[in-house]
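Have a look at the structure below before the remarks.
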Amino acid sequence: MWKLSLKNIKGSPGRSAAAAALSLLLGFCILAGSLSLIGLRSGLNSLNERLGADVMVVPYEVSTQNYLEDAILMGNAGYYYMSSDKLDEIKEKIDGIERISAQLFLATTTSSCCSYKVSIVGFDPESDFTITPWVQNSYAGTLGDYEVFVGHDLAAYAGDQLRFFDVDVTVAARLDETGTYLDTAVYTNMETAKAMVAAAEEKNLFSNAGYDINPDSMISCVLIRVSEGFSAAEVEGRIKQKISQVATAKTETSVENISGKLSGMQNIALFLIVFVWLLIFVVELIAYRLNFNSRMKEFAVIRVAGASKKQLSGLLICEAFALSLSGSFVGSSAALLVMELFSGRIQSVLDMPFLLPQAAYLFVSLIVCIAVSVLAGVLSALATAYKAGNIDAAIILRGEN
Amino acid sequence: MKKGTLIPEIVLFILSIVLIFGVKYVFGACPMTEEGTYMSCHWAQEAVFSVALIMLILSLCSIAARKNMYLQTGFLGALIPCAVIAILIPGNFISLCMLSDMTCRSIMRPSVILINVLILCVADAAIIINLRKSN
């Protein structure tokens with residue numbers, strides 16, 4: 001039966017290609033849509049894991065420039081500084097802090113085309129609790145002076161020499177992918193970061209800052225992990241009351257905002273995926289019905305040749321299965337290739353964390369998508385297969401259909 | 001003499017045109033810097049453009065050689081290493097910019113890979129059809 005089905009498919013390449021094209025389209029749409037949703041959700045989960053801190057304290061100017069949420073979540077590579085005394089002040093006056101650590105930010109300058117802004121994050125390896133756990137997957141040693149970790153999206157590897165603001169550094173490790181802005185940043189210890197800030201100041205990078213730049217007594221943010229028994233809202237409230245000239249944000253709130261937007265997008269995308277499936281199903285149903293009308297004599301000849309009703313119906317189902325399988329395999333594979341190749345572009349266009357899952361998960365998604373597409377093809381052929389099995393061959397061959 | 005195929009060769013011709021114009025005007029690499037120099041990704045773009053010109057000529061030859069199936073198959077076979085090299089040029093033979101967000105990495109390289117994978121698939125399909133005809 002399979003041999004005859006394949007011969008029927010080869011015998012009418014145009015008709016077969018049209019049927020397979022519908023399954024190709026369905027496979028492509030379902031997998032591309034699903035992977036987009038999965039990528040957004042994974043990116044957000046990855047960011048949530050990586051943030052590590054419960055409360056982030058930044059200079060007050062960051063909130064007035066309306067990019068506080070961007071600064072936290074999307075890594076708006078910019079310059080904002082406050083006195084390192086704020087760290088000591090928070091430690092002294094605020095209860096409920098389990099861990100606290102400061103970071104110093106810097107960004108390389110842009111030129112008109114290709115020198116992209118690279119965020120440089122200086123952290124204190126002794127007190128840090130956000131970057132260190134992440135780094136442990138890739139690097140077991142201690143980060144020395146003038147050594148850096150690079151995010152996954154930077155094409156630099158351990159041992160490479162890089163230069164930022166005329167400061168030469170060595171890449172110690174390339175970090176695992178997170179699907180967030182963290183992948184485009186460079187991480188170094190405070191001493192190296194301070195040397196870079198000093199070098200940047202010599203290049204007049206901070207001419208519009210409006211305050212004196214002193215690398216030895218500056219930080220960009222303070223990250224706080226709240227102790228058990230205290231809530232992030234509580235600690236944030238105390239900081240707002242007792243510490244002046246700072247802005248605070250709960251990372252949980254910012255992540256929740258994005259998660260809320262994502263849920264809305266997810267519902268719409270799911271609706272569209274189901275709609276596309278139904279649409280293609282109906283189109284395939286109509287296509288098989290039209291196909292049946294044009295092949296009635298062929299079916300009558302097969303019946304007269306000795307095939308049973310069941311065999312004739314089975315023949316049509318086999319054809320539908322083969323065409324759906326080949327079409328959906330090509331479509332789904334194309335979707336997988338496109339999503340893998342353009343995932344970076346998708347992330348920058350959406351301006352949201354985006355991380356495609358691991359290979360095993362992708363493979364399972366591919367199989368499920370193919371199965372769903374094949375199901376549409378086979379179900380749409382069922383009615384026609386049943387009708388084909390019940391034709392009156394004699395009447396059709398006499399021309400009295 | 002057995003005749004070769006026509007539709008796959010026309011598709012290959014169109015894909016070569018898309019690659020030539022695309023890599024120059026649509027999904028090219030980063031433009032000239034303010035200092036008047038080019039980044040290395042620009043030369044990757046030029047190299048892909050050159051290979052795409054060769055592929056265009058080969059696809060035209062395969063259309064012209066339709067009456068001789070074996071000659072046509074030879075031209076199609078020559079397309080395969082060209083497409084493989086075009087895939088390997090950006091990022092492997094010629095390095096691109098460091099950041100994955102930059103145009104050369106996020107747009108040029110994936111587009112070049114996608115189009116050349118299509119060229120490989122169509123060329124392989126045409127060769128298989130011709131080989132089956134010869135049997």
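The values are calculated or read from the model by the stated rules, or taken from the named source; none is laboratory data. Since the model is a prediction, treat every value here as computed from it, not as a measurement. All Cβ positions, glycine included, derive from the backbone under ideal geometry; neighbour counts span all protein chains shown. Please note that ligands, DNA and RNA were not included when accessible areas were found on the heavy atoms of the full protein model with its side chains. Shrake-Rupley method; radii C 1.70, N 1.55, O 1.52, S 1.80 Å.
Mind checking the per residue accessible area of the protein assembly as shown for me, 1.4 Å probe, whole number of Å²?
Spelled out: the 1.4 Å probe surface of the protein assembly as shown, per residue, equals 47 Å².
Helix A:190-202 versus the longest principal axis of chain A: what is the Cα-based angle in degrees, 0 to 90, to the nearest 10?
Value to nearest ten degrees: 80.
Separation of segment A:378-392 and segment B:63-113 by C-alpha centroid, Å?
Computed from Cα coordinates, the inter-centre distance equals 45 Å.
Which whole-Hz couplings ³J(HN,Hα) result when phi for each residue of segment B:15-23 is put into the Karplus expression 6.51 cos²θ - 1.76 cosθ + 1.60, θ = phi - 60°, listed in order with x for Gly and Pro?
With the stated coefficients, segment B:15-23 comes to 5, 5, 4, 4, 5, 4, 6, x, 5 Hz.
Just checking the output field for A:340-346: average partner chain Cβ neighbours within 10 Å of each residue's Cβ?
Per residue, the average neighbour count from other chains is 5.
Set the Förster radius R0 to 60 Å, insert the Cβ-Cβ distance between A:Met1 and A:Glu49 as r into 1/(1 + (r/R0)^6), and round the FRET efficiency to 0.05.
Once the sixth-power term is evaluated, E becomes 0.70.
Express in % the proportion of alpha carbon pairs of the protein assembly as shown at distances exceeding 35 Å.
More than 35 Å apart: 52 percent of the Cα pairs in the protein assembly as shown.
If you take each beta carbon of peptide B:94-104 and count the beta carbons of other chains within 10 angstrom, what is the mean?
Average neighbour count from other chains, rounded to a whole number: 6.
In the full protein assembly as shown, how much of A:Lys203 is accessible to a 1.4 Å probe, in Å² to the nearest 10?
110 Å²
Can you give the % of DSSP beta bridges in segment A:81-206 that are antiparallel, to the nearest 5?
The answer is about 55 percent antiparallel.
So what is log10(I(q)/I(0)) for segment A:137-288 at q = 0.15, 0.20 1/Å, when the Debye sum runs over its Cα atoms only?
Each listed q corresponds, in turn, to -1.06, -1.25.
List the residues, sorted by chain then number, that are 5 or more residues from A:Ala185 or on another chain and whose placed amide H is less than 5 Å from its amide H.
A:Gly151
Can you give me the relative contact order of chain A as a percent, contacts being Cα pairs under 8 Å and 6 or more apart?
Here the relative contact order equals 30 percent.
Would you mind giving the mean number of other chain beta-carbons within 10 Å of the Cβ of each residue in A:150-163, as a whole number?
The mean count of partner-chain Cβ atoms within 10 Å per residue comes to 2.
Using a 1.4 angstrom probe on the protein heavy atoms only, line up A:Tyr361, A:Tyr81 by accessible area, largest first.
A:Tyr361, A:Tyr81
When the distances between all Cα atoms of segment A:336-396 are binned every 10 Å from zero, what whole-number percent does each bin get?
17, 27, 21, 15, 11, 7, 2
Along each of its three principal axes, how wide is the spread of alpha-carbon positions in segment A:295-401, in whole angstrom units, largest first?
Here the spans come out as 66, 24, 16 Å, largest first.
Evaluate segment B:1-49: find the radius of gyration of its Cα atoms, find its Kirkwood radius, and give the ratio Rg to Rh.
1.27
Quick one: if the Förster radius is 60 Å, what FRET efficiency do B:Glu34 and A:Asn257 give, using the C-beta to C-beta distance and rounding to 0.05?
Computed FRET efficiency for B:Glu34 and A:Asn257: 0.95.
Out of all DSSP beta bridges with both ends in the protein assembly as shown, state the antiparallel percent to the nearest 5.
Antiparallel bridges: around 75 percent, rounded to the nearest 5.
With an 8 Å cut-off on Cα pairs and a minimum separation of 6 or more residues, tell me the relative contact order of chain B in percent.
36 percent
Based on the mean of other beta carbon atoms within 10 Å per residue, what is the order of A:387-393, A:187-193, B:78-84, most packed first?
Going from most to least packed, we get A:187-193, B:78-84, A:387-393.
Which cross-chain or sequence-distant (5 or more) residues have an amide H under 5 Å from the amide H of A:Ser227, H modelled 1.01 Å from N in plane?
A:Ile97, A:Glu98
Could you work out how far helix A:13-51 tilts from the main Cα principal axis of chain A, as a 0 to 90 degree angle to the nearest 10?
So the inclination is approximately 20 degrees.
When only C-alpha pairs under 8 Å and at least 6 residues apart count, what is the relative contact order of segment B:1-55, in percent?
36 percent
For segment A:231-300, what value does the Rg/Rh ratio take when both radii are computed over Cα atoms and Rh is the Kirkwood radius, given to two decimals?
1.62
Take the Cα gyration tensor of segment A:133-197, multiply each eigenvalue by 5, square-root it, and list the three semi-axes largest first, rounded to whole angstrom.
18, 13, 11
Within the set A:Lys91/A:Lys240; A:Lys240/A:Lys261; B:Lys3/B:Lys133; A:Lys3/A:Lys310; A:Lys194/A:Lys240, which residue pairs have Cα atoms separated by over 18 Å?
A:Lys240/A:Lys261; A:Lys194/A:Lys240
Report Rg(Cα)/(2.2 N^0.38 Å) for chain B, keeping two decimals.
Dividing the Cα radius of gyration by 2.2 N^0.38 Å gives 1.16.
Can you give the angle from 0 to 90° between the axis of helix A:309-341 and the longest principal axis of chain A, with both taken from C-alpha atoms, to the nearest 10?
Once rounded, the angle reads 20 degrees.
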